[in-house]
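Worksheet: one structure, shown below.
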Amino acid sequence: MDYQIINSQNAFEQATEVHEAVLFYFSTLTCSVGETVQSKVMDLLSTDYPRIPFCFVDMQFNAALAASCNVFVEPTVLVYFYGKESIRKSRNFGISELADAIHRLYWLSFPE
């Protein structure tokens, strides 16, 4: 699955405006737990929620952006629907817990 790297507040805001739904994954490249969870989140999106793009925010190089989103622990997932934060999961969360949180909003937004 391809993903976008978010390097600025402007890029973050643009992603929320361009996409009906978008997932932001806040972590660092040196976090082994974050790396493992990242691959699982990407698999979840590509398998079950393909219309939600994955955007990576490296907290080490984008501390101001992370702080502006009130993200202080890694990994943190923020899911936006229609420009508004709808889901927030931090540190210890399960993939099935994230999937359950996304499911209803996804199918309301993208009925097929």
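Among the residues of region 27-40, write down those that are open to solvent by 70 Å² or more (accessible area, probe 1.4 Å), more than 23 Å from GLN9 (Cα to Cα) and among the aliphatic types (A, V, I, L, M). Of everything in region 27-40, just one residue is open to solvent by 70 Å² or more (accessible area, probe 1.4 Å), more than 23 Å from GLN9 (Cα to Cα) and among the aliphatic types (A, V, I, L, M), namely VAL33.
Residue pairs whose Cβ atoms lie under 6 Å apart, sitting 6 or more positions apart in sequence or on different chains, and linking a residue in region 77-105 that is without any contact (Cβ under 8 Å) to a residue 60 or more places away in the chain and farther than 19 Å from ALA15 by Cα to a partner that is surrounded by 15 or more Cβ atoms within 10 Å (Cβ to Cβ) and of a type in the set (Ser, Thr, Tyr), are SER90/THR76. Among the numbered conditions (1) farther than 16 Å from VAL22 by Cβ; (2) touching a Phe, Trp or Tyr at 6+ places or on another chain (Cβ under 7 Å); (3) not basic (Lys, Arg), the only one that PRO111 does not meet is (2).
Hey, ASN92 hits all of (1) at pLDDT below 95; (2) open to solvent by less than 80 Å² (accessible area, probe 1.4 Å); (3) not hydrophobic (A, V, I, L, M, F, W, C) but one; which does it fall short on? Of everything listed in (1) at pLDDT below 95; (2) open to solvent by less than 80 Å² (accessible area, probe 1.4 Å); (3) not hydrophobic (A, V, I, L, M, F, W, C), ASN92 misses just condition (2).
Among the residues of region 25-34, is there at least one that is closer than 29 Å to GLU112 by Cα and under 11 Å from the mean Cα position of the chain (by Cα)?
Yes: region 25-34 contains one or more residues that are closer than 29 Å to GLU112 by Cα and under 11 Å from the mean Cα position of the chain (by Cα).
I'd like to verify a number: residues in region 41-79 that are open to solvent by 30 Å² or more (accessible area, probe 1.4 Å) and of a type in the set (Ser, Thr, Tyr), how many? Residues flagged as open to solvent by 30 Å² or more (accessible area, probe 1.4 Å) and of a type in the set (Ser, Thr, Tyr) within region 41-79 amount to 3.
The values are calculated or read from the model by the stated rules, or taken from the named source; none is laboratory data. Treat the numbers as computed from the prediction; the structure is a model and nothing was measured. When we count neighbours, we look across all protein chains shown, and the Cβ atoms used for this are built from the backbone with ideal geometry, even at glycine. Heavy atoms of the whole protein, side chains included, go into the accessibility calculation; ligands, DNA and RNA do not. Shrake-Rupley method; radii C 1.70, N 1.55, O 1.52, S 1.80 Å.
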